[in-house]
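Chemist: Dumping the structure here so I can ask a few things about it.
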Amino acid sequence: MSIGITAMGILVGFLVGLTGVGGAALLTPVLILIGISPALAVGTDLFYSAVTKLFGTIQHYKQKTINIKLVKYLALGSIPGAVIAIGILHTFNLFFHNQEQIIKHALGYVLILVAFATLFRTFFDKRLKESPLALKPLEEKRGLTIGIGATLGFIVGLTSIGSGSLFALAMLYLYRMTASELVGTDIAHAFMLVTVAGMLHASLGNVNYLLVANLLMGSIPGVIMGSALSAKIPTKPLRAIIAAIVFISGIKLI
């Protein structure tokens, strides 16, 4: 089982580095399907993602494919949003003992949303880059950027999903960036977000550290390889396949 999970870590890490999407959307439902409780799956995935995206962030920083100011504005909204989501989830569990059910159903719906978002990004990315909104300076979109960060950060705190796919779609529509800069900025922001969310889940006992270690054995080299190749390999066919898998996973969880 350890060998299988390590192999899963290699694949997920590679996809995160290469496309900026697919990590949590693939890993979290798989963990649930192999028998891990939803709360533990979410917390473990967030904790694991924080480490893998650290290495991806370092690689993209070396490649100078990170928009630092955009990362800052997104984080101003997303980190408080994630904290609020985790706090609400914990409160509901204390009073209604329905944390697992809430997470599982939320996961299903968010996975379906992520699948459509991934497909939309895959087939309409050129059209979105020509949006008039993308031409406006970042400072004029500061409030909107923070608001989007807060909304999507709440979703990530609740389900661990969306730090790549949903934020990437928002950035694609709102900002004019190269493909490699979009991936690098997305991973750098996701690192900040999932680190905070992962630490909060860990404080609530929702992290399996042995599982994290097994995943990291594969994901660290995987994410470095994927990040290094992100500017050289066409990722559209891969994103379409990921979207189909994610959609099926979402249907099974609802």
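What follows draws every value from the coordinates through simple rules; no lab data is involved. Just so you know, these numbers come straight off a predicted model, no measurement behind them. Note: ideal-geometry Cβ built from the backbone for every residue, glycine included; neighbour counts use all protein chains shown.
Chemist: Round to the nearest 10 and give me the degree value, 0 to 90, for the angle of helix 142-159's Cα axis relative to the longest principal axis of the chain.
Modeler: 30 degrees
Chemist: With equal scatterers on the alpha carbons only and no solvent term, can you work out the Debye log10 of I(q)/I(0) for the chain at 0.07, 0.13, 0.14 1/Å?
Modeler: Treating every Cα as an identical point scatterer, log10 I(q)/I(0) equals -0.20, -0.72, -0.85.
Chemist: Where Lys and Arg each count +1 and Asp and Glu each count -1, what net charge lies around G226 among other residues with Cβ under 12 Å from its Cβ? Display every interim value, and only then the final one.
Modeler: Details: positive: K53, K232; negative: none.
Its environment carries a net charge of +2.
Chemist: Continuing with this model, one more query. What whole number of Å gives the distance from the Cα centroid of segment 63-84 to the Cα centroid of segment 148-164?
Modeler: 12 Å
Chemist: With everything on Cα atoms, drop me the angle between helix 2-19 and the longest principal axis of the chain, reported from 0 to 90° to the nearest 10.
Modeler: 20 degrees
Chemist: Express in whole angstrom the spacing between the alpha-carbon centres of segment 223-254 and segment 177-218.
Modeler: 17 Å
Chemist: Could you give the length gained on full extension between K136 and I84, defined as 0.36 nm per residue of separation minus the Cα-Cα distance, in nm?
Modeler: Details: separation 52, 0.36 × 52 = 18.72 nm, distance 3.04 nm.
Taking K136 through I84 to full extension adds about 15.7 nm, to one decimal.
Chemist: Among K252, K232, K141, what is the fewest-to-most ranking by other Cβ atoms within 10 Å? The partial results should precede the final answer.
Modeler: Values: K252 12, K232 8, K141 18.
Listed from fewest to most nearby Cβ atoms, that is K232, K252, K141.
Chemist: What are the semi-axes of the equivalent ellipsoid of segment 180-228, taken as the square roots of 5 times the eigenvalues of the Cα gyration tensor, listed largest first and rounded to whole Å? Provide the component values of the computation, followed by the final result.
Modeler: Numbers: eigenvalues 107, 56, 4 Å².
Working from the Cα gyration tensor, I get semi-axes of 23, 17, 4 Å.
Chemist: Moving on. How many nm is it between the label spots at A7 and A213, if each spot is 7 Å from the Cα in line with the beta carbon?
Modeler: For A7 paired with A213, the spin-label model returns 2.2 nm.
Chemist: Over 23 Å apart: what share of the alpha carbon pairs of segment 43-122 falls there, rounded to a whole percent?
Modeler: Details: 1326 of 3160 pairs.
So the pairs more than 23 Å apart make up 42 percent of the total in segment 43-122.
Chemist: Which order, highest average first, do 115-121, 23-29, 61-67 follow once you tally other Cβ atoms within 10 Å for each residue and take the mean per peptide?
Modeler: Details: 115-121: 20.6, 23-29: 28.7, 61-67: 16.3.
Descending packing order for the listed peptides: 23-29, 115-121, 61-67.
Chemist: Quick one: H105, H189, H60, fewest Cβ neighbours within 10 Å first, how do they rank? Let's see the in-between values first.
Modeler: Details: H105 15, H189 30, H60 27.
Taking fewest neighbouring Cβ atoms as first place, the list is H105, H60, H189.
Chemist: Can you tell me the length gained on complete extension of the stretch L33 to I241, counting 0.36 nm per residue apart and subtracting the Cα distance? Show your work: numbers first, answer last.
Modeler: Numbers: separation 208, 0.36 × 208 = 74.88 nm, distance 1.96 nm.
So the chain would gain 72.9 nm between L33 and I241.
Chemist: Let me ask something additional. Enter the angle in degrees (range 0 to 90, nearest 10) between the Cα long axis of helix 179-203 and the first principal axis of the Cα atoms of the chain, meaning the one along which they spread out most.
Modeler: In the chain, helix 179-203 runs at an angle near 30 degrees to the longest axis.
Chemist: Let me ask another. Report the far tail of the P(r) of segment 1-103, meaning the percent of Cα-Cα pairs longer than 18 Å.
Modeler: Details: 3079 of 5253 pairs.
In whole percent, the share of Cα-Cα pairs in segment 1-103 beyond 18 Å is 59.
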